[in-house]
């Protein structure tokens, strides 16, 4: 049986989720939809943030449930991609909010302006702006030309 609706969304696990929520609001313009706070210790047990059309969930660490942050496991192999219409402005906004620049903004042969930042909670973000429509065959041709030069 095929599902009628299929959607994938991310669930951030961080240390200091309340601070992380404020960071995501400042850095990326996220909108907090709601938050549930653990009555026993004040941790964020579950919150939802809207990044444009995407809803992502966030919570503090709960190691007893296997919910641990990138800091606890030594980093994350996952990079979040944030499509924007102004990569340079988004980079500046993220840096002002406390992110670390990993890769400066640069135009790419596949038609995007890309930068990468690390947020204070161990999550990497690729900030991408479409600057040119490039067909897949042309992307491949450009890549081959770049690597053979």
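The values are calculated or read from the model by the stated rules, or taken from the named source; none is laboratory data. Bear in mind that the values here come from a model prediction, so they are computed numbers and not experimental data. Glycine gets a Cβ as well: all are built from the backbone with ideal geometry, and neighbour counts include every protein chain shown.
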Exercise for the section: Name the one entry in 14, 54, 37 that is within 22 Å of residue 71 (Cβ to Cβ) and under 16 Å from the mean Cα position of the chain (by Cα). Expected result: 14
Completion exercise
Filtering the stretch 97-115 down to residues that are more than 23 Å from residue 59 (Cα to Cα), surrounded by 15 or more Cβ atoms within 10 Å (Cβ to Cβ) and within 14 Å of the chain's Cα centre (by Cα) yields 114, 115
Handout entry: For residue 83: the one exception among (1) within 18 Å of residue 121 (Cα to Cα); (2) in contact (Cβ under 8 Å) with a residue 40 or more places away in the chain
Key = (1)
Practice task
Give me the pairs, please: first residue somewhere in the stretch 114-143 and in contact (Cβ under 8 Å) with a residue 60 or more places away in the chain, second residue anywhere and in a helix (DSSP H, G or I) and surrounded by fewer than 17 Cβ atoms within 10 Å (Cβ to Cβ), beta-carbon distance under 6 Å, and either six or more positions apart or on two chains.
Solution key: 122/71
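Test residue 89 against the criterion of being surrounded by 13 or more Cβ atoms within 10 Å (Cβ to Cβ), under 16 Å from residue 25 (Cα atoms) and without any contact (Cβ under 8 Å) to a residue 12 or more places away in the chain, and give yes or no.
yes
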Handout entry: Subset of the stretch 78-103 (residues that are in a strand (DSSP E or B) and either within 27 Å of residue 146 (Cα to Cα) or at pLDDT below 95 (or both))
Key = 79, 80, 81, 82, 83, 101, 102, 103
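Just one of 145, 106, 137 is out of contact with any strand residue (DSSP E or B) (no Cβ under 6 Å at 6 or more places or on another chain), in a strand (DSSP E or B) and more than 27 Å from residue 22 (Cα to Cα); which is it? Reasoning before the result, please.
Values: 145 fails: in a strand (DSSP E or B); 137 fails: in a strand (DSSP E or B).
Going through 145, 106, 137 in turn, just one is out of contact with any strand residue (DSSP E or B) (no Cβ under 6 Å at 6 or more places or on another chain), in a strand (DSSP E or B) and more than 27 Å from residue 22 (Cα to Cα): 106.
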Practice task
Could you tell me which residue of the stretch 122-134 is nearest to residue 28 (Cα to Cα), considering only residues that are assigned to a loop (DSSP other than H, G, I, E, B) and over 11 Å from the mean Cα position of the chain (by Cα)?
Solution key: 131
Fill in the blank from the handout: Every listed condition ((1) touching a residue at least 12 places away in the same chain (Cβ under 8 Å); (2) in contact with a strand residue (DSSP E or B) (Cβ under 8 Å, 6 or more places away or on another chain)) holds for residue 97 save (2)
